[in-house]
Every structure is written in structure tokens, then in C-alpha cells.
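Participant: Can you read through this structure? Questions will come right after.
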């Protein structure tokens, strides 16, 4: 009887590992949006883009794109908004990115490093880099070593990833709308 219970326990553990792996393997919503933005930027030969976030007054998004390798996206509030709006009107997107990344209102900045410029992913190939988000002075790496590096439970890590993906989607959507106008 003990052998049978042990076999059932191993079987249940195996099923749980497969199910949790399947949950991690689900594609993030930002994958399609990052692809759309990078295709627009490639077609228009753009390396930077910036836009109003639209969720709050003085909220903006900006991105620097390194063709095929990396997409850096920042979202933050900027004041006085009239200065940033002027950069948007003049299509000074690289300057807007630099300003938003360095001179945004304290405590409002979120910064995404999208390795591969392919949306947030939990499953980058070995030695190909990883995605990350920095918000509120805390950086989260979406890498193979997340358990060791960040000491989070599976549930906490999944929640961080889902929240980051949702925010990244919002910023990408604003940037796509602006890129379409160009």
C-alpha cells in the first residue's frame, strides 16, 4: 500500500509541475503589441517614439528601439507638461525619451527593458538576455534565475509578471497610436 501511495504522490507532483509549466508558457499580451510597435518603427525608420499616456494628466510614455535587439520603454509623469507636449508636437522623440527617463516626477517612473524587442517573456533562450521592469526603485528580472535572485514564491512572481505585462501593454498601446500618426 505504501508503494501505491508513493506512486500516486509522484504522479500528482508530476501533474502539478506540468500544469505550472503550462501556466508559465502562456504568451504575454505585450508580445503582439511589441511586435506591432517595432514593425511600425522599422517601416518608418524610427529609433524613438513618445506619446501621452492618456490615463492621467501629465502622464507620458517613450521608447528607444534598437532594431531586432532591444526595446527600452519608460512611462512617467512630467511637469511642466507644456514642455513635454512641445517635444511631442515637434516630434523630438529621442529628446522626449531622455527627458522622461531622467527628469520625470519622482516616484512616477516605470522602466521596461525588453530584450529581443518581443514583449515581456519568461522564456528567453539561454544567454540571450532577459526582460525586466523597474518601478518604485525596485527592479524585477524575468529570468531563469528569478527564484534565486529575487526570492519570490511562484504566485508572487506570476503576479508581478502579469501586473508588469498589463502596464507594459498600456504604454505600448499609447506608443503604437502615436507611431501610426507618423
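The values are calculated or read from the model by the stated rules, or taken from the named source; none is laboratory data. Quantities reported herein were computed from a predicted structural model and do not represent experimental measurements. Every residue, glycine among them, receives a Cβ derived from its backbone with ideal geometry; neighbour counts consider all protein chains shown.
Participant: So, in the range 139-177, exactly how many residues are in contact with a helix residue (DSSP H, G or I) (Cβ under 8 Å, 6 or more places away or on another chain) and either at pLDDT 95 or above or surrounded by 14 or more Cβ atoms within 10 Å (Cβ to Cβ) (or both)?
Facilitator: So the count comes out to 16.
Participant: Which condition breaks for residue 84 when tested against (1) buried (at least 17 other Cβ atoms within 10 Å of the Cβ); (2) part of a strand (DSSP E or B); (3) in contact (Cβ under 8 Å) with a residue 24 or more places away in the chain?
Facilitator: All conditions pass for residue 84, except number (2).
So that you can scan it fast, the table gives a plain yes or no per residue for (1) touching a helix residue (DSSP H, G or I) at 6+ places or on another chain (Cβ under 7 Å); (2) surrounded by fewer than 18 Cβ atoms within 10 Å (Cβ to Cβ):
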position	(1), (2)
56	no, yes
65	yes, no
71	yes, no
93	no, no
110	yes, no
122	yes, no
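Participant: Does the range 31-47 hold any residues that are in contact with a strand residue (DSSP E or B) (Cβ under 8 Å, 6 or more places away or on another chain) and touching a residue at least 60 places away in the same chain (Cβ under 8 Å), and which are they?
Facilitator: The answer is 34, 37, 38, 41, 46.
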